[in-house]
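Below: one structure, written as structure tokens.
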Amino acid sequence: MESLSGNYISQLNEYQQKTQCSVEYEEGSTDGPSHNKTFTMRAVVNGQRYSEGTGKTKKEAKQNAAKNALNGINITQNIEPTTSSVQNTPNNMTVSQRNYICWLNEYSMKNKLLFEACESTNPGNTAQLGTYVCKYVCGVREFPEAYGNNKKDAKEAAAKCVYEELLKTQDAEVFNDNSNRTQMSEVASRSASLDRASLSFADESRSTVPDSNYIALLNNYSQKYKHALDFKLVEKRGPPHNPEFVYKVVIDGKEYPEGQGKSAKEAKQHAAQHAWSEINEQSGRTTQSSENDSSSQTQETSFFPLEIHPSCYVHLCRFLEDFDSINPIGKGGFGRVFKARRKLENTYYAVKIVKSTKKARREVGALAKFNNANIVRYYSCWVEDTTYRHDSSESYSLSDSGSDPGTKFLYIQMEFCEGDTLHAWIYKRNSSNVHDPERRTEAAQINRQVLKAVEYIHKEGLIHRDLKPLNIMFSSEGTVKVGDFGLVTAAENDNDQQLLERTKRTGTRIYMSPEQANQTSYDRKVDIYALGLIYFELIWNLFTLHERKKIWDDIRSRDFPSQFSKKCNFEHKLIDRMLSPSPDERPEASELISELDRYTNILNADKDNRTI
């Protein structure tokens, strides 16, 4: 690195690839008037912060920051990133020189094997080796433990142990039992370099492991094919305590879809994932320029073969094939819900993953029939043998394919609601501790939309049975959406014109009507009772959970606070009827909608008179 010139960002990226260090850019201050701004950026390499770079554009500042980092590396380490050689022998490599996790991810996908990382802390006499412990397990074979000062280092060291273990034997076996096995070809030579076993753009299979380092994949691709790679900050939005970053990848001037994240690193990973997916789709990743190229690339992407046992296979997952940018947005005893981008349409959906039970299939059957603006829209569903793991460290109440071979999982693709849940809306209004004169009007509008959904459900001959604020959401436009139809059931039995015998206490206890909680025979009016309780929550400010618990039984018994009866006379009378202990005395959804419409017109007229 005697002299530096040209694209310093690319040179620093190349140095990153050769040494497997981490490279990040920090944005500094922006000075000067709007027509003549000066931007500041700083490069951070392996946690080492180098001198700031300035420029009239962010790109120029980033180039100068990269130049300063390269100069600093040259001074302190006397390393030439663009020409220095890297040792090929695996035994001579350290963890910091190569990304063993990326190698293991690609190896597992190539051979359709499942390697699970078992992580723990490290108490006792070996604490000096590192605070964290990690080892990989494939089937019943456990690989050696490794230590690190953080989870990432321990996981990287454990992946290196797998790599080294596979080099030690001519015939690497995952199992030592007598079960039927398919003998694979011999293990590659011990002197094979990790480069030849690392991720390669020419490989025929695409990695779908959720924790793949897409930034590293793009860097590797750009270096191999001499492309100029850059991560461009599109915008930073949101409050300081909860920021959101938006980045996009630019390769040789071509811009790829934006990625979002709670940190710059997360947003860059998502942007890199979008770019990597698009590059793969455009190239097909199968074209070979000549027989020699094909031969060399096959050699480059060779892996150490393992003897394979059926329970070690990673089944092809439609969810991971069709979706990316997957992030958890909800979980519970029912399963998990993820926000995910469907690659084909470049559109985000909510994907709910549950065990494929009669109850789950009933929900799908109900959703598929619905066509209402106030009900979460259903798109499709499919069944898989495994449930998606967002993070290897997560614990699951759902059983995986290995624990119960007969278990199937239902993936339900639905409309993604960008807004809050009604539960969050109520919490925010209560937390403000200020009387909001518009709250009654907003509550009436929200309740009307929920009633429109319930009216539609009842006309379809169904009962929701689990209406509560957490199951009611807002779209990005503010439209109310009713969801979670896992407990939906038919309202009547056409054969004998009698009420169905139903499961007692099915639903959420605090919103249940008396007959739903204590009887097995009930009708659609259980939904009206739940909406009466929700309507009260929408209007009346309950500052604390303790205050709510204190009066909740009274509300269920129609014993309302005196101030509520005085200040909210219309709502008091309406809710009182909705909470009638006799289902027959509760109004129908259509009747309530008509009354709310008349009330809203009166409120709007009063508002207009006040503004005159």
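The values are calculated or read from the model by the stated rules, or taken from the named source; none is laboratory data. All of these numbers come straight from a predicted model, not from anything done at the bench. Virtual Cβ from ideal backbone geometry, glycine too; neighbours counted across all protein chains shown.
Is it the case that region 142-162 has a residue that's over 26 Å from Asn46 (Cβ atoms), among the hydrophobic types (A, V, I, L, M, F, W, C), modelled with pLDDT under 90 and not in a loop (DSSP other than H, G, I, E, B)? Checked against the condition, which is being over 26 Å from Asn46 (Cβ atoms), among the hydrophobic types (A, V, I, L, M, F, W, C), modelled with pLDDT under 90 and not in a loop (DSSP other than H, G, I, E, B), region 142-162 yields no hits at all. The number of residues in region 352-373 being under 14 Å from Tyr456 (Cβ atoms) and surrounded by fewer than 16 Cβ atoms within 10 Å (Cβ to Cβ) comes to 3. For region 408-426, the criterion of being more than 16 Å from Phe543 (Cβ to Cβ), among the basic types (Lys, Arg) and in contact with a strand residue (DSSP E or B) (Cβ under 6 Å, 6 or more places away or on another chain) is met by at least one residue.
Listed here are the residues, each with its yes/no results for (1) under 16 Å from Val376 (Cβ atoms); (2) surrounded by fewer than 22 Cβ atoms within 10 Å (Cβ to Cβ); (3) outside the structural domain of Arg377 (by TED's automatic domain parsing).
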{"site": "Thr441", "(1), (2), (3)": "no, yes, yes"}
{"site": "Ile446", "(1), (2), (3)": "yes, yes, yes"}
{"site": "His458", "(1), (2), (3)": "no, yes, yes"}
{"site": "Gly461", "(1), (2), (3)": "no, yes, yes"}
{"site": "His464", "(1), (2), (3)": "yes, no, yes"}
{"site": "Leu467", "(1), (2), (3)": "yes, no, yes"}
{"site": "Leu470", "(1), (2), (3)": "yes, yes, yes"}
{"site": "Phe474", "(1), (2), (3)": "yes, yes, yes"}
{"site": "Val480", "(1), (2), (3)": "yes, no, yes"}
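Need a quick list: helices (runs of 4 or more DSSP H) entirely within region 506-584 having at least 3 residues that are crowded, with 19+ Cβ neighbours inside 10 Å and either modelled with pLDDT under 90 or of a type in the set (Val, Ile, Thr) (or both).
Values: elements: 514-518, 525-539, 545-556, 562-567, 569-578.
Output list reads 525-539.
Within region 142-160, can you find the residues that are out of contact with any Gly (no Cβ under 9 Å at 6 or more places or on another chain) and crowded, with 18+ Cβ neighbours inside 10 Å? Residues satisfying the conditions are Phe143, Glu145, Ala159, Lys160.
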